[in-house]
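Worksheet for the structure shown next.
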Amino acid sequence: MGTDSLDLKYRALAAVVYLGSKRILLQIIFTFSNIILARLLFPEDFGAFAVVGFATTFFLVFCDLGFAPAIVQKKGRVYLEELKTAFTFQLFLIVIVFAVIYVVSPGVSDFFNLGEQGVRLFRIYSLYLFFLPFKTTSGAILERNLDYRKLVIVEVLDVFVASVVSISGALAGLGVFSFVAGGLAGHFFGATFYFLMAPWRLGLSFSKKALLRLAKFGLPYQSNLALGLFWGPLVLLYLGKVVGNENLGFFQFAASLAVLPLAVSEIVNRLIFPLGSRLQADKDTFRKIIERSLVVVSITTLPLLAIALASAREIIHFVYTDKWLPSLPALYFGLMQTSIIAYTGVFSQLLLARGRAKYLRNMALVWAILTWTVAPPLISKFNFVGMNLTGILVSLSGIWLFIKLRKEIEFSISKNILPYFVSATIAGLLVFGLLRVLPYLFVSLFAAVVLGFLTFFAFVMFFARRAFIENFRFILDLVVRRK
């Protein structure tokens, strides 16, 4: 496209603003909808839909060949022939996969003791697959161009519609079908909005040459996702079979809370793949992208994790009610795993940006083997909490991604993490102590959390004032130079 690196920096800065705004809006929507749904529905409802969701995710992997990330990562121009081929081939795969789902849904439902309700849940929910080609093709165009303003609008509307419909269904007494109705509505409107934001000459066409060009990157990428089934949906389906829908619901509830501190790191990961892909030849700039990504993740994710660990019990009690307290051990371990994922996510996206999809494929194979080696005995001994213990052990192996990236690009790790880790630890200990001496009230929880964040930033200025100011000046310089 002929865009120089300076223009990419400006667009990347704008993307940070848009993605940050999106994350704030989504966090508000997710938080309020989860609170309402957790109060209206029951753990077994969450567990039943989790089974349907995991099973559908399994089949979802076979609906694509990684065309969307291949379009984003492609170094040269993207041709209409490639877009049409990607759209057509994905739609063809979806028709086959949906037919398979329709046939196997009774067996899946019986296996997980969901009855006839499970058959309806599975078949109805899987209809969302037909909306995916519209979302993935137009979404890849927007992401390749770093047009995050439009992406943000679409994604927020998608989630907002899904949440409103789910809550309306729960209030109307639809139970677990509330999730299905919300999911279908969100995907339908999302597909429509995506295409309106990035319209292209829609049509059915197939080119063998275009397919091979996209598959060169897409197939290794998709094989990574396929291997991910073994340490993702498949093992979680196994968990649901062993521990039952109610306990699976507790696990899912804890998992949904444990990933909240990843809010900013998700923004970083979303940005550095397309940005790094465009700047992969400039090693000095790529190194700066790595180091600034680590700083941003450290300064935002670590305090959230520390404070959440210190106040998890009080948050569940005051916000979600005590019926969810059995999920507390899973939440503790889930937060620990999140602290690892925050960084391995950065390393994986940067390796993908350099075209190293095979590294992720190999890592997925390791994760799959580790998961099925340790998960069954841990689940047998510790029930659903065993899955969280498995997650921590598997995530630790992600250090291999750091080693691979470090071999390609030399970058500093300690100065970009250690000061923020120490500051977060101090803040977490303060919150934990305050909650043990203050009255057991919601206002005490609120005050302790606020003081925890203030303490964190005070110690950041003490330990890493210079680095913090340098990052701020870097962003300010981009803004001034743009003017």
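Give just the number: which of (1) closer than 16 Å to Phe318 by Cβ; (2) surrounded by fewer than 14 Cβ atoms within 10 Å (Cβ to Cβ); (3) at pLDDT 95 or above does Leu454 not satisfy?
Unmet condition: (1).
Every residue in the range 274-289 that is crowded, with 20+ Cβ neighbours inside 10 Å and at pLDDT 75 or above, please.
Those that are crowded, with 20+ Cβ neighbours inside 10 Å and at pLDDT 75 or above: Phe286, Ile289.
I'd like to verify a number: residues in the range 188-213 that are surrounded by fewer than 16 Cβ atoms within 10 Å (Cβ to Cβ) and part of a helix (DSSP H, G or I), how many?
4
State whether the residues of the range 238-248 include one that is part of a helix (DSSP H, G or I), within 28 Å of Thr301 (Cβ to Cβ) and of a type in the set (Val, Ile, Thr).
no
Select from the range 387-414 the residues that are in contact (Cβ under 8 Å) with a residue 60 or more places away in the chain and part of a helix (DSSP H, G or I) and list them in ascending order. Show your work before the answer.
Our first condition is that a residue be in contact (Cβ under 8 Å) with a residue 60 or more places away in the chain; within the range 387-414, this holds for 387-388, 390, 394, 405, 409-413.
The answer is Met387, Asn388, Thr390, Val394, Leu405.
Give the residue, chosen from Ala191, Ala215, Ala226, that is touching a Lys or Arg at 6+ places or on another chain (Cβ under 8 Å) and more than 29 Å from Arg39 (Cβ to Cβ). Steps first, answer last, please.
On the way: Ala215 fails: touching a Lys or Arg at 6+ places or on another chain (Cβ under 8 Å); Ala226 fails: touching a Lys or Arg at 6+ places or on another chain (Cβ under 8 Å).
Being touching a Lys or Arg at 6+ places or on another chain (Cβ under 8 Å) and more than 29 Å from Arg39 (Cβ to Cβ) holds for just one of Ala191, Ala215, Ala226, which is Ala191.
Give me the residue from the range 92-116 that is touching a residue at least 60 places away in the same chain (Cβ under 8 Å) and over 28 Å from the mean Cα position of the chain (by Cα) and, out of that set, surrounded by the fewest Cβ atoms within 10 Å (Cβ to Cβ). So that I can check it myself, show each step before the final result.
First, the residues of the range 92-116 that are touching a residue at least 60 places away in the same chain (Cβ under 8 Å): 111-114.
Narrowing the set further to residues that are over 28 Å from the mean Cα position of the chain (by Cα) leaves 111, 113.
Details: Phe111: 15, Asn113: 13.
So the residue we want is Asn113.
Within the range 124-131, is even one residue buried (at least 21 other Cβ atoms within 10 Å of the Cβ), in contact with a helix residue (DSSP H, G or I) (Cβ under 8 Å, 6 or more places away or on another chain) and outside any helix (DSSP H, G or I)?
Checking the range 124-131: not a single residue is buried (at least 21 other Cβ atoms within 10 Å of the Cβ), in contact with a helix residue (DSSP H, G or I) (Cβ under 8 Å, 6 or more places away or on another chain) and outside any helix (DSSP H, G or I).
Test of understanding: among Ala342, Ala306, which residue is closer than 30 Å to Leu438 by Cα, among the aliphatic types (A, V, I, L, M) and either touching a Leu at 6+ places or on another chain (Cβ under 9 Å) or buried (at least 24 other Cβ atoms within 10 Å of the Cβ) (or both)?
Details: Ala342 fails: closer than 30 Å to Leu438 by Cα.
Going through Ala342, Ala306 in turn, the sole match is Ala306.
Among residues belonging to the range 219-252 that are in contact with a Pro (Cβ under 7 Å, 6 or more places away or on another chain) and crowded, with 21+ Cβ neighbours inside 10 Å, point out the one that is nearest to Pro329 (Cα to Cα).
Here is the first cut: in the range 219-252, the ones in contact with a Pro (Cβ under 7 Å, 6 or more places away or on another chain) are 221, 246, 249-250.
Retained after the next criterion (residues that are crowded, with 21+ Cβ neighbours inside 10 Å): 221, 249-250.
Values: Tyr221: 34, Gly249: 14, Phe250: 10 Å.
Across the range 219-252, the extreme among qualifying residues is Phe250.
The values are calculated or read from the model by the stated rules, or taken from the named source; none is laboratory data. Note that this is a predicted model, so its numbers are computed, not measured. Please note: Cβ atoms are built from the backbone with ideal geometry, for glycine as well, and neighbour counts cover all protein chains shown.
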